[in-house]
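To start, the structure under review is shown below, and the notes come after it.
The values are calculated or read from the model by the stated rules, or taken from the named source; none is laboratory data. This is a predicted model, so every value here is computed, not measured. As a convention, Cβ positions derive from the backbone with ideal geometry for all residues, glycine included, and neighbour counts pool all protein chains shown.
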Amino acid sequence: MPKRYLYIWFRYLGTDRLSKIRPELRGKPFLLYTPEHGRMVVKASSQSLAKDGISPGMVVADVRAIFPSVDVFEYDRDAEERLLNDLAEWCLRYSPVVATDPPDGLILDISGCPHLWGGELSYLQSITARLCKGGYDVCTAIADTIGTAWAIAHYQKNEMIIDPGKQAEALLALPPAALRLDSSTLQRLKKLGFRQIGQFIGIPRLNLRRRFGEAMLIRLDQALGTAREFLKPIQPARVYQERLPCLEPIRTATGIEIALKRLLETLCERFFKEGKGMRTGIFKGYRIDGETVQISIGTNRASRNAAHLFKLFELKIPEIKPALGIELFTLEATLVEDVSETQEALWGTTNLGQTAISELVDNIAGKIGIQAVHRYLPQEHYWPESSVQEVSSLEEQPETEWRTDRPRPIHLLPKPAPVEVMAVLPDHPPMHFRYKDEIIRIVRADGPERIEQEWWLQSGPPRDYYRVEDESGARYWLFRLGFYGNPKPQWFLHGYFV
Amino acid sequence: MSELAEKIEIIRRLKETILSMEGFSTGPDSRLLDFGLGPMNAAFPGGAFPVGAIHELISPTEACAAAATGFLSGLLSVLMKKEGICLWVSAERKLFAPGLKFLGVEPHRIIFIGVKREKEALWVMEQGLKCNSLAAVVAEIRDISFAESRRLQLAVETSKVTGFLHRQHPRIENTLACVSRWKIRPLASRTGELPGVGFPCLEVELVKIRNGRPGVWQFEWKNGTFNLITERSRITVKLPELQKQRHYA
C-alpha cells in the first residue's frame, strides 16, 4: 500500500501556547527569549511581531529599540515539548501512527485513513479547522514522503496536497532549505547561486556527493521517496499478539493443541494484568511451505479464561491442515474489550453462573453459528407477529412487561394456515372448520378479539380472533381476515393453546 | 418396637442408596421444589418429581404438542424460580413467547437455539446439560436412539440439570435411557353452564417411570399452578412390559 504522510507545522507554537494560557496577550506583540552568551536572544515572536520582521536569533535589546512596548517572556522549552506531545496524542484520533518532529512539527502516517473523512481534502480541512479553533496557527501538507510534506508545509503556501508520485515536480520551485539541510550546506549552495531545488536536482549524484556530502543526497532521496525514512510513533500500536516459534515443525493435532494452550496462557496473563478480555481472536500457523493456516473465534462477552477460549478454538483445530509442518504459531486478539470486575447482574444470577452460561453460548455459537442463538423480548404491538422482538444479545432486558390481559397461544404457526369454516352468523364463532382434510367441530368459543392493522406500519383488513375448543379438548386460535361482504372473508388457523 | 423402627430406617436408607446409584438425585433440594402436582408425587421414586434427570414427552398431534409444551412450561416455572435461565433447543420455530407468560415462565429468561439438523440439537442439548448454571434444558427432537439418550443421561448425572426431551410425531416410540415417558393430551375445559373456554385442562399420562408407579392424572392450570381433577391408576400395564423396563433402566 502506498504511504501517505501529513505534516503539521505549528508556526507559532511557543507564543500560541502562552496566549492560550493568558488570553489577554492574544493579538498583542510579545516575544519569548532565552539567555545565550550573556545576551537575551529572541526564541519566538508572536504573529504580529513576526510580520514586522522580528525573527528568532535577534537580540531582545534591539527589538526593544524598535518596539518599546513589547512584552517579553522567558522561553520554556520543556513546556513546549510537553505541549507538542499532547497535540500528538490528540492527533491519534486521526491516525494511529503519529510522531513528533521537534521543536514544532507533527508527522502523521495517514495511509488508509482519509477515506473515513471523505477524502484527503476534507480530512485535512477537518484537522486544520479544529487546530485553528484551538488557537494554533498551523501549516499542513500531505505528500507521499515525509520530506516532501515537510517542505510543502514550510515553504509552499497555496498548495497543501501533493498527489501520489508528484513530489519531484512539487519540490522544483522550492528553496534548498526545504530539504532540511544543515546550515553549512545551505550556505555553500547559496554561495554557488542555487536558489531553487530544481537548479541542482538534475546534477549527477557523484558530483553532488563530492561537493556537499552524503547527508544532502540522503535528504534528497528521502524527499523524493527513493530512500526510506522511519517514524518513531509516540504510541506504538498495542497489539495483543503472542508468538511461538517451534524448534521442529509441528504436524500433529496434539502439538497444535499444546502450542495453542501455551499462547493462550501468556495472552490471558496479559489480559489479567490489563483488565481486558478477548472478543475475537485469530490463531495462525505458518507452515514450512510458506502457506499460513488460521482459525478464528468470537465470544459473546470479553473473556480471559484460557480454558474457555481453548475450548472455542478446539472445535476448529481439525480445520488446520499442517501439511509438512508448522514452524511458527501466532495468536492475536483482534478485538479486545475491558472486563469490568463487577458486571451488572445478568438476570439476577450469580456472576459465576453468568460466565458459565455465556461460555456455553459461545461454545454453541462457535459450533453452529451465532445466528442460531436468540432470545425474545416483548414489543408494544398488538399484531401478534410483531408483538415479540428477536434479540441476539444475552444482556438486553425487556423494556415493557409481557402482557397477559388477552389470551395468546403457546404455539404459533409461522404462517397462518387457511381453513374452511362453517359459521352460522357473521361475527359468530364458526361451528366447525376443516384443516388438513379433517373436520374439527367446535364446542366452546371465546371472542372475537379484533386486532387492527397498525396503519403507520402496514395496511390491510383487520383480524377477528377466536379462541375455540373442539370436542376432544384441543384449543385453537382462529381468525377471520376482514369483514363479511363481498368478497367473502378468509379464515385462518394461527395457533394452538395449552 | 424400637427394633422395628430401626429396620424401617435401614430400609429407607437402602432405598435412597439404590436410587442414588441409579442416577436419581435425592438431595434435600429436590424435595423443596413444589411442582403443585399434589397426589401425583406418590407415583415418583422417593415421592418427589425427579429433577436432575431427563424426561421424555411424546406428542402424536399438534394439539398434544401444544399441551405438552404447556405442561413442561408449568414445570419450568417452578424449576426456574423466577431467576433461573433455561435453554430451549428446537429445529422449527413454533413456540410463541408471549404464551409462556401465561404458564408462569418469563420468556426473556429462555435462550433459544434454533438448529438446522437434529444431530446439532443433540449436541447442543448435551452441552447445555453439562452446564450446571442452567435451570433446565428443553429440546424438541423427533427421533433419538437409545445410545444417544444414554449419553444425555450421563451428562445430567454429574451436573444435576433437568432435561426435557419433547418428541413430536416420533417414527417409533423406542426405549430410551430417560427417567420417565409422558404423554400429555388436552382435555375439554370445565366451564359448567357458562359460555366460552375455561382454564386449560390437561390429561397427563405417565407411561413409564423408573422405580415409580405409572398412571393417568387430569390437571387444570389455574392461578399459576396445577390443580388435580381426577386420578386414575394405570392398571393396563402388563407385567412383562414392566420387567423389560426395569431391565433397561
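Can you pull out the residues in segment A:399-436 that are acidic (Asp, Glu) and more than 14 Å from chain B (Cβ to nearest Cβ)?
Across segment A:399-436, the qualifying residues are A:GLU420, A:ASP427.
Give me the pairs: first residue in segment A:45-72 and touching a residue at least 12 places away in the same chain (Cβ under 8 Å), second residue acidic (Asp, Glu) and in a loop (DSSP other than H, G, I, E, B), beta-carbon distance under 7 Å, and six or more apart or on different chains, which are they?
A:GLN47/A:ASP137
Please verify whether A:ASP446 is surrounded by 14 or more Cβ atoms within 10 Å (Cβ to Cβ), assigned by TED's automatic domain parsing to the domain that holds A:GLU469 and charged (D, E, K, R), treating the condition exactly as stated.
Yes, satisfied.
Is it the case that some residue within segment A:391-406 is within 30 Å of B:VAL161 (Cα to Cα) and crowded, with 18+ Cβ neighbours inside 10 Å?
Yes, some residue in segment A:391-406 is within 30 Å of B:VAL161 (Cα to Cα) and crowded, with 18+ Cβ neighbours inside 10 Å.
Listed here are the residues, each with its yes/no results for (1) touching a helix residue (DSSP H, G or I) at 6+ places or on another chain (Cβ under 8 Å); (2) within 21 Å of B:VAL78 (Cβ to Cβ); (3) surrounded by fewer than 21 Cβ atoms within 10 Å (Cβ to Cβ).
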| position | (1), (2), (3) |
| --- | --- |
| B:SER90 | yes, no, yes |
| B:GLU118 | no, no, yes |
| B:ALA121 | no, no, no |
| B:GLN127 | yes, no, yes |
| B:SER133 | yes, yes, yes |
| B:ILE141 | yes, no, no |
| B:GLU148 | yes, no, yes |
| B:SER159 | yes, yes, yes |
| B:ARG167 | no, no, no |
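Within segment A:477-485, does at least one residue satisfy the condition of being outside any strand (DSSP E or B), in the same structural domain as A:PRO430 (by TED's automatic domain parsing) and basic (Lys, Arg)?
No: zero hits.
Just checking, which of A:GLY485, A:GLY495 is surrounded by fewer than 14 Cβ atoms within 10 Å (Cβ to Cβ) and either without any contact (Cβ under 8 Å) to a residue 40 or more places away in the chain or not acidic (Asp, Glu) (or both)?
Testing whether each residue is surrounded by fewer than 14 Cβ atoms within 10 Å (Cβ to Cβ) and either without any contact (Cβ under 8 Å) to a residue 40 or more places away in the chain or not acidic (Asp, Glu) (or both) leaves just A:GLY485.
Would you check if B:LEU100 is within 9 Å of another protein chain (Cβ to nearest Cβ), assigned to a strand (DSSP E or B) and crowded, with 21+ Cβ neighbours inside 10 Å?
Considered against the rule, which asks whether it is within 9 Å of another protein chain (Cβ to nearest Cβ), assigned to a strand (DSSP E or B) and crowded, with 21+ Cβ neighbours inside 10 Å, B:LEU100 comes out as no.
Does segment A:218-254 hold any residues that are in contact with a Pro (Cβ under 9 Å, 6 or more places away or on another chain) and either free of Cβ contacts under 8 Å to residues at least 40 places away in the same chain or more than 23 Å from A:ALA323 (Cα to Cα) (or both), and which are they?
Those that are in contact with a Pro (Cβ under 9 Å, 6 or more places away or on another chain) and either free of Cβ contacts under 8 Å to residues at least 40 places away in the same chain or more than 23 Å from A:ALA323 (Cα to Cα) (or both): A:PRO233, A:GLN235, A:ALA237.
As an exercise: evaluate A:LEU186 against (1) at pLDDT below 90; (2) more than 24 Å from A:ASN85 (Cα to Cα); (3) part of a helix (DSSP H, G or I) and give the number of the one condition it does not meet.
(1)
Determine, yes or no, whether B:LYS119 is among the basic types (Lys, Arg), over 24 Å from B:ASN223 (Cβ atoms) and in a helix (DSSP H, G or I).
Criteria met by B:LYS119.
How about segment B:74-97: which of its residues are more than 7 Å from every other protein chain (Cβ to nearest Cβ) and in a helix (DSSP H, G or I)?
B:GLY74, B:LEU75, B:LEU76, B:SER77, B:VAL78, B:LEU79, B:MET80
Could you tell me whether any residue of segment B:188-202 is within 16 Å of the chain's Cα centre (by Cα) and either at pLDDT 90 or above or more than 14 Å from every other protein chain (Cβ to nearest Cβ) (or both)?
The answer is yes, given that some residue of segment B:188-202 is within 16 Å of the chain's Cα centre (by Cα) and either at pLDDT 90 or above or more than 14 Å from every other protein chain (Cβ to nearest Cβ) (or both).
Okay, residues lined up against (1) of a type in the set (D, E, K, R); (2) without any contact (Cβ under 8 Å) to a residue 60 or more places away in the chain; (3) surrounded by 13 or more Cβ atoms within 10 Å (Cβ to Cβ):
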{"residue": "A:LEU108", "(1), (2), (3)": "no, no, yes"}
{"residue": "A:ALA129", "(1), (2), (3)": "no, yes, no"}
{"residue": "A:TYR155", "(1), (2), (3)": "no, yes, yes"}
{"residue": "A:LEU174", "(1), (2), (3)": "no, yes, yes"}
{"residue": "A:LEU186", "(1), (2), (3)": "no, yes, yes"}
{"residue": "A:LYS190", "(1), (2), (3)": "yes, yes, yes"}
{"residue": "A:ILE197", "(1), (2), (3)": "no, yes, yes"}
{"residue": "A:ILE203", "(1), (2), (3)": "no, yes, no"}
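Has segment A:410-427 got at least one residue that is part of a loop (DSSP other than H, G, I, E, B) and under 47 Å from the mean Cα position of the chain (by Cα)?
Looking for residues that are part of a loop (DSSP other than H, G, I, E, B) and under 47 Å from the mean Cα position of the chain (by Cα), one finds at least one in segment A:410-427, hence yes.
Within segment A:243-286, count every residue that is assigned to a strand (DSSP E or B) and either under 25 Å from A:ASN300 (Cα atoms) or in contact with a Leu (Cβ under 8 Å, 6 or more places away or on another chain) (or both).
The total comes to 16.
Mind listing just one residue for me: the one in segment A:353-398 that is charged (D, E, K, R) and closer than 15 Å to B:ILE110 by Cα and, of those, farthest from the other protein chains (Cβ to nearest Cβ)?
My answer is A:GLU395.
Check off (1) at the interface with chain B (Cβ under 9 Å from one of its Cβ atoms); (2) without any contact (Cβ under 8 Å) to a residue 24 or more places away in the chain; (3) surrounded by fewer than 13 Cβ atoms within 10 Å (Cβ to Cβ) for A:GLU471 and give me the number that stays unchecked.
Here A:GLU471 clears every test but (2).
What is the number of the single condition among (1) among the β-branched types (Val, Ile, Thr); (2) more than 30 Å from A:ALA170 (Cβ to Cβ); (3) modelled with pLDDT under 90 that A:ILE258 does not meet?
Of everything listed in (1) among the β-branched types (Val, Ile, Thr); (2) more than 30 Å from A:ALA170 (Cβ to Cβ); (3) modelled with pLDDT under 90, A:ILE258 misses just condition (3).
Within segment A:1-105, considering only strands (runs of 3 or more DSSP E) that don't extend past its boundaries, which have at least 2 residues that are more than 23 Å from A:ARG180 (Cβ to Cβ) and in contact with a Leu (Cβ under 8 Å, 6 or more places away or on another chain)?
Because the criterion is at least 2 residues that are more than 23 Å from A:ARG180 (Cβ to Cβ) and in contact with a Leu (Cβ under 8 Å, 6 or more places away or on another chain), the strands (runs of 3 or more DSSP E) in segment A:1-105 that meet it are A:30-36, A:71-74.
Within the set of pairs 6 or more residues apart or between chains, which connect a residue that is acidic (Asp, Glu) inside segment B:75-96 to a residue that is part of a loop (DSSP other than H, G, I, E, B) with Cβ atoms less than 7 Å apart?
Final answer for the pair search is B:GLU83/A:TRP347; B:GLU83/A:GLY348; B:GLU83/A:THR349.
Does B:ILE110 count as away from chain A (no Cβ under 13 Å), in contact (Cβ under 8 Å) with a residue 24 or more places away in the chain and either of a type in the set (A, V, I, L, M) or touching a His at 6+ places or on another chain (Cβ under 7 Å) (or both)?
Taking the combined requirement at face value, the residue does not satisfy it.
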